[in-house]
1. Taking the stretch 48-61 as the search range and keeping residues that are over 13 Å from the mean Cα position of the chain (by Cα) and either at pLDDT below 60 or exposed (fewer than 13 other Cβ atoms within 10 Å of the Cβ) (or both), which one is nearest to MET2 (Cα to Cα)?
2. Can you find a residue in the stretch 35-47 that is outside any loop (DSSP other than H, G, I, E, B), open to solvent by 80 Å² or more (accessible area, probe 1.4 Å) and over 15 Å from SER1 (Cα atoms)?
3. Residue check: is ARG77 open to solvent by 80 Å² or more (accessible area, probe 1.4 Å), at pLDDT 85 or above and not aliphatic (A, V, I, L, M)?
4. For the stretch 7-14, check the following and say yes or no: at least one residue is among the basic types (Lys, Arg), within 12 Å of the chain's Cα centre (by Cα), more than 25 Å from ASP54 (Cβ to Cβ) and not in a strand (DSSP E or B).
5. Any chance you could count how many residues in the stretch 10-27 are hydrophobic (A, V, I, L, M, F, W, C) and either surrounded by fewer than 13 Cβ atoms within 10 Å (Cβ to Cβ) or on the phi > 0 side of the Ramachandran plot (or both)?
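The values are calculated or read from the model by the stated rules, or taken from the named source; none is laboratory data. Just so you know, these numbers come straight off a predicted model, no measurement behind them. Reconstructed Cβ throughout: ideal geometry from the backbone, glycine too, with neighbour counts over all protein chains shown. Surface areas here come from the heavy atoms of the whole protein model, side chains and all, with no ligands, DNA or RNA. Shrake-Rupley method; radii C 1.70, N 1.55, O 1.52, S 1.80 Å.
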Amino acid sequence: SMKYGRSKADLCLYFRWTMFGLVLWSSWVDDYCFVAGKEADVLKAKALVMELVDCDDVRKLLECVGCKVDYNKEGGRYGWCSQT
């Protein structure tokens, strides 16, 4: 219903192009979800998921699977992590 395509390379990765750029959703073990893209798109996608699914807003994503994720609001990178 959110009109995202499913990646052929990774079945847990979904993508959508908007007028602002690419938005990526990923899910993994322990029912965590990750969304990345321009801030406006991330906040819109997050709000929609929060309406559709009972989940908690856990935190901004700073690390992922042992890799540090740079957060740069001025540069346009923004991430959000949720636990369902």
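1. By that ranking, first place goes to LEU52.
2. Among the residues of the stretch 35-47, not one is outside any loop (DSSP other than H, G, I, E, B), open to solvent by 80 Å² or more (accessible area, probe 1.4 Å) and over 15 Å from SER1 (Cα atoms), which makes the answer no.
3. Answer is no for this residue.
4. no
5. Matching residues across the stretch 10-27 total 4.
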